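The values are calculated or read from the model by the stated rules, or taken from the named source; none is laboratory data. It should be emphasised that the depicted structure is a prediction, and the values quoted were computed from it without experimental measurement. Ideal geometry is used to build each Cβ from the backbone, glycine not excepted, and the neighbour counts take in all protein chains shown. Quick note on the areas: whole protein, heavy atoms, side chains included, nothing else; ligands and nucleic acids left out. Shrake-Rupley method; radii C 1.70, N 1.55, O 1.52, S 1.80 Å.
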Amino acid sequence: HQKKLIWQGKGELGMFGYININQKIMTEENRKAYQAYYCGLCQRLKSNCGAKGQMLLNYDMTFLYFLLREGDPACPGRCFCPARPWCRKACLPEDGAMRYAADLSVLLSWWKLLDARRDSRGPRRLAAKAALLLYRRSYRRASARHPALDAAFGTELARLQALEDEKSPSIDRTADAFASLLRDCAAHYDGRERRPEQLLLYHVGRYLYLADALEDLPRDVRAGAYNPLRYRYGADGGTLDPADRAQLLETIDASISMACSAMELLDGRRDRE
């Protein structure tokens, strides 16, 4: 998971990196197109924030860009890759959806860093404070362009933090707070009513939260950190018994099924596959 490489640590936004492509079932043409979109978003982050903005690049916001983008893309240009400076790569020119995805990368990373500063100790807390200083100007610019979305993020994360502080045993309430945050990513784009996209992101968000909670349960129990599964199932040993695990996986599968159903409601578009 990419989340092991960037912003590592448990928290409300600790689930960056679960969304990725399955290259084994993609055609060579589709792989090249995805790479051009990914590199285009990287270049947009560089335009917004300088070289430090490229550190915020992640697969999740590339998925959001694919979801919101409409129409045929412009012909890719060529750009230098900071990870491979000896070569030039295909790079899609920016459009409205790409600018939006880049701004969301900044906003979500900012809230993640605030969460890390609050919950971490020692070197990680100092690193989060330093990163907040580094990205302060970039965050203010993105927030000025999307004030309603930034306020919505703050509201949902405050609701999630309150549930965490009270050690809520409800996986539905906690997952709903994070899922609503992802739903807002489509709700605040271009002023149009985008119900299928909102439903898709909501159920993807619910899946992300529960999958992350299941993966992090042993570590959270050892660290004494909040995890809704610990209180819902009494999992103080760091594992779920088979019956509880089966029940949770059914809940996760239900979210995946709902996301797939929402996908079927989307209008036909070039990048559907």
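Do we have residue 222 as over 30 Å from residue 29 (Cβ atoms), out of contact with any Lys or Arg (no Cβ under 8 Å at 6 or more places or on another chain) and open to solvent by 60 Å² or more (accessible area, probe 1.4 Å) here? So residue 222 passes the test. For segment 179-193, the candidate set comprises residues that are in contact (Cβ under 8 Å) with a residue 60 or more places away in the chain and either open to solvent by 10 Å² or more (accessible area, probe 1.4 Å) or outside any helix (DSSP H, G or I) (or both); within that set, the residue that is nearest to residue 65 (Cα to Cα) is 189. Got at least one residue in segment 243-263 being in contact with a Lys or Arg (Cβ under 6 Å, 6 or more places away or on another chain) and either surrounded by 14 or more Cβ atoms within 10 Å (Cβ to Cβ) or of a type outside the set (A, V, I, L, M) (or both)? Yes, there is a match, as at least one residue in segment 243-263 is in contact with a Lys or Arg (Cβ under 6 Å, 6 or more places away or on another chain) and either surrounded by 14 or more Cβ atoms within 10 Å (Cβ to Cβ) or of a type outside the set (A, V, I, L, M) (or both).
Just to be sure, is residue 161 under 19 Å from the mean Cα position of the chain (by Cα), surrounded by fewer than 20 Cβ atoms within 10 Å (Cβ to Cβ), of a type in the set (S, T, N, Q) and part of a helix (DSSP H, G or I)? Here the answer is yes, as residue 161 does meet what is asked. The set of residues in segment 68-99 that are in contact (Cβ under 8 Å) with a residue 24 or more places away in the chain and out of contact with any Lys or Arg (no Cβ under 9 Å at 6 or more places or on another chain) comprises 92, 93. Consider residue 116 carefully, then state whether it is of a type in the set (A, V, I, L, M) and open to solvent by 40 Å² or more (accessible area, probe 1.4 Å). For residue 116, the condition - of a type in the set (A, V, I, L, M) and open to solvent by 40 Å² or more (accessible area, probe 1.4 Å) - is not met.
In the set (1) open to solvent by 60 Å² or more (accessible area, probe 1.4 Å); (2) under 18 Å from the mean Cα position of the chain (by Cα); (3) at pLDDT 85 or above; (4) not aromatic (Phe, Trp, Tyr), residue 25 fails one condition alone, (2).
Scanning segment 34-63 for residues that are open to solvent by less than 40 Å² (accessible area, probe 1.4 Å), of a type in the set (A, V, I, L, M, F, W, C) and out of contact with any Ser or Thr (no Cβ under 9 Å at 6 or more places or on another chain) turns up 36, 39, 42.
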